[in-house]
Amino acid sequence: MKDYQKAMLYVYPRIGKIIRDIDGMVEAQAFCCFGTESCEKTAERIAGYMCAKSSFVILKGALENILSRLTKDERYMLEYKYFRRRSKLEGEFCGYALDCNERTYFRRQARLSEKLNASFLHEGMDEAWFTGNFSHVGFMMSAKENLRGRGSMTDKRSVKGLACTNARARARAE
């Protein structure tokens with residue numbers, strides 16, 4: 001999977017908050033009439049925020065479409081590797097365990113990465129699309145660059161151990 005695809009997956013759980021924050025920035029810019037900038041510069045900034053918002057709305061819709069086609073095992077693997085939402089791991093996936101050992105888990109993750117890559121490209125979300133929509137969004141470009149070196153952006157506080165039903169895998173994990 002490409003770095004830009006990983007960045008889109010890592011940001012997915014936070015898209016709703018990002019959209020609300022952009023709305024707040026647009027409102028603040030609109031009410032800020034006593035600035036030292038010209039109206040034209042302020043309008044350009046607001047237009048940039050609105051473009052970023054529409055890109056996130058499109059991204060959210062496309063990702064929800066892609067995720068709706070995945071199996072429960074695949075959604076669990078995505079949740080575990082990219083999203084790490086405690087509410088989902090303790091809610092929808094409470095007590096859920098993959099019926100495989102750790103070695104098979106990593107093979108399944110590789111197949112899932114290939115499937116997601118194909119889904120992103122099928123939706124028209126290639127690297128040129130990402131750059132065209134998010135090159136002006138600093139934190140998205142930073143996320144892409146961070147992934148190039150580290151490979152992960154999950155919050156360390158919400159780490160949950162991998163749940164496999166295979167006894168040998170459980171013994172190795174302990």
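Structure values in brief
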| quantity | calculated |
| --- | --- |
| Carbon and sulfur %, accessible surface of segment 1-88 computed with the full protein complex present, 1.4 Å | 56 percent |
| Chain lengthening between Asp21 and Glu64 when straightened (0.36 nm per residue, less Cα-Cα) | 13.4 nm |
| Projected area averaged over orientations for segment 3-169, convex hull of C-alpha atoms, nm² | 11.5 nm² |
| Rounded FRET efficiency, nearest 0.05, which uses the C-beta distance separating Cys51 from Arg107 and R0 of 41 Å | 0.55 |
| Anchor Lys88: lysines whose Cα lies under 24 Å away (excluding residues fewer than 8 positions away in-chain) | Lys6, Lys17, Lys60, Lys72, Lys115, Lys156, Lys160 |
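The values are calculated or read from the model by the stated rules, or taken from the named source; none is laboratory data. Quick caveat, the model's predicted, so the values are computed rather than measured. Note: ideal-geometry Cβ built from the backbone for every residue, glycine included; neighbour counts use all protein chains shown. Heavy atoms of the whole protein, side chains included, go into the accessibility calculation; ligands, DNA and RNA do not. Shrake-Rupley method; radii C 1.70, N 1.55, O 1.52, S 1.80 Å.
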